[in-house]
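I'd like to ask some things about the structure below.
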Amino acid sequence: MNGGETVQETAVPGAGDSARVRARELEANLALVRSRIAAAERAAGRPAGSVRLVVITKTHPARDVRILSSLGVTDVGENRLQEAAPKVESCSDLELTWHFVGQLQTNKVRQVVEWAGYVHSVDRSRLVDALSAAAVRAGRDQPGRELGCLIQVNLDPDPGRGGVDPDGVPSLADAVAGAPGLRLDGVMAVAPLRGPYAGNAAAAFDRVADIASRMHEAHPTANMVSAGMSADLEEAVAAGATHVRIGSAVLGVRKPLG
């Protein structure tokens, strides 16, 4: 929270009783998640504040983002372009870093490049080429303006879950590192539902940490590890995650969009 303050009733313009109830709910949920992260850092012998929280706001309205911002959240994630774009625009007055975490089609990259600070789901060379071309057109090939890219690693035998096989990470990382307008920042992964790591998030994230370490050896500035969600953030932090992507533990469960 900002300076330890609680959320103010003015966090949402024109807030009524329901908005104040929602603000208190998000404040309490956020405090619990921050407490879990802090406890996981201590258990892993890591410095306080070494893990960054990215709140995934998919299917939740912009007014929730405004409340989160008032509570000190600075990193927000989306995985559906059609939902993210209007939400980003409506929150353009807030100091936020937006993360795109969903699977991305090459013909949709221009919109993402306009507002995203990071794309966590880079998983094929065609996407690298498309992102780079769009970034250059947007003037993001200037120092300090590059689009941050993470290679999504797939440890699940189901290719539909997105990501590249671990053996394909080095060449894809080289492609991102050499692409104008892009900056190679690290790796992203989701705990698999099938295969040898199914049901064992700790082992899966240890494997991701090994992949990240090898990438870091080849690309020393690529030090982000985006791993861990509401159910498994502790295992991710223990394995060295630098960013955890938390949705339902902060915002609650909402009906999926149609």
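If you build the convex hull over the alpha carbons only and average its shadow over all orientations, what do you get for segment 209-253? Give it in nm² to one decimal.
On the way: hull surface 13.1 nm².
Value for segment 209-253: 3.3 nm².
Follow-up question, since we're still on this one. For the pair Arg137 and Ser18, what calculated FRET efficiency results from E = 1/(1 + (r/R0)^6), where r is the Cβ-Cβ distance and R0 = 41 Å, to the nearest 0.05?
0.45
Taking the number of other C-beta atoms within 10 Å as the exposure measure, put Asp141, Asp64, Asp17, Asp158 in order starting with the fewest. It would help to have the intermediate numbers written out before the result.
Numbers: Asp141 16, Asp64 23, Asp17 7, Asp158 12.
Ranked by crowding around the Cβ, least crowded first: Asp17, Asp158, Asp141, Asp64.
What is segment 14-251's relative contact order, in percent, from Cα pairs under 8 angstrom and six or more apart in sequence?
19 percent
For the chain, what is the calculated [θ] at 222 nm in deg cm²/dmol (nearest 500), taking -39500 (n - 2.57) for each run of four or more DSSP H residues and dividing by its residue count?
So the calculated ellipticity at 222 nm is -12500 deg cm²/dmol.
What Kirkwood Rh does the chain have if only Cα atoms enter the pairwise 1/r average? Answer in Å.
One over the average 1/r among Cα pairs gives 18.8 Å for the chain.
What is the calculated FRET efficiency for Leu32 to Leu193, with r their C-beta to C-beta distance and R₀ = 22 Å, to the nearest 0.05?
0.30
By how many degrees, between 0 and 90 and to the nearest 10, does the Cα long axis of helix 125-137 differ from the longest principal axis of the chain?
Roughly 60 degrees between the two axes.
May I pose another question? Report Rg (one decimal) and Dmax (nearest whole number) for segment 153-257, counting Cα atoms only, units Å.
Just the Cα atoms of segment 153-257 yield Rg and Dmax of 14.3, 42 Å.
Right, another one. Just the number, please: percent antiparallel of the DSSP beta bridges in segment 14-251, rounded to the nearest 5.
0 percent
Quick check for me: using +1 on Lys/Arg Cβ and -1 on Asp/Glu Cβ, what's the dipole size of the chain about its Cα centre, in debye to the nearest 20? Let's see the in-between values first.
Details: 28 positive and 30 negative charges, 93 e Å.
So the dipole magnitude of the chain works out to roughly 440 debye.
Also, I was wondering about something else. Compute the Rg to Rh ratio over segment 75-213 from the alpha carbon atoms, using the Kirkwood formula for Rh, and round to two decimal places.
Computed over Cα atoms, the ratio is 0.98.
Would you kindly derive the ³J(HN,Hα) couplings of segment 168-178 from the backbone phi angles with the Karplus curve 6.51 cos²θ - 1.76 cosθ + 1.60 (θ = phi - 60°), listing them in order in whole Hz, with x for Gly and Pro?
Those phi angles translate into x, 5, x, 5, 5, 4, 4, 5, 5, 4, x Hz.
Most exposed first by the Cβ proxy, i.e. fewest other Cβ within 10 Å, how do Tyr197, Tyr118 rank? Walk me through the numbers on the way to the answer.
Details: Tyr197 20, Tyr118 25.
Ordered from fewest to most neighbouring Cβ atoms within 10 Å, Tyr197, Tyr118 come out as Tyr197, Tyr118.
Karplus couplings for segment 221-230 from phi (6.51 cos²θ - 1.76 cosθ + 1.60, θ = phi - 60°), rounded to Hz, Gly and Pro as x?
Working through the residues one at a time gives 8, 8, 10, 8, 10, 9, 7, x, 10, 4 Hz.
While we're looking at this one, here's another question. What distance in nm lies between label points placed 7 Å from Cα along the C-beta direction at Ala48 and Glu217?
My value for the distance between the label points is 3.5 nm.
Can you work out ³J(HN,Hα) from phi for every residue in segment 77-83, in order, using Karplus 6.51 cos²θ - 1.76 cosθ + 1.60 and θ = phi - 60°, giving whole Hz and x for Gly and Pro?
Residue by residue, segment 77-83 yields x, 9, 10, 10, 4, 5, 8 Hz.
How many angstrom separate the Cα center of segment 125-173 from the Cα center of segment 31-61?
25 Å
Say the dipole of the chain comes from +1 at the beta carbon of Lys and Arg and -1 at that of Asp and Glu; which of Asn200, Ala23, Thr221 then lies farthest toward its positive end?
It is Ala23, whose Cα lies furthest towards the positive end.
Hey, how many Å between the Cα centroid of segment 76-119 and the Cα centroid of segment 215-258?
A separation of 17 Å, based on Cα centres.
Each value in this text was obtained by applying a stated rule to the coordinates, not by laboratory testing. Since we're looking at a predicted model, the values are computed, not measured. For neighbour counting, all protein chains shown are included, and Cβ atoms are generated from backbone atoms with ideal geometry for every residue, glycine included.
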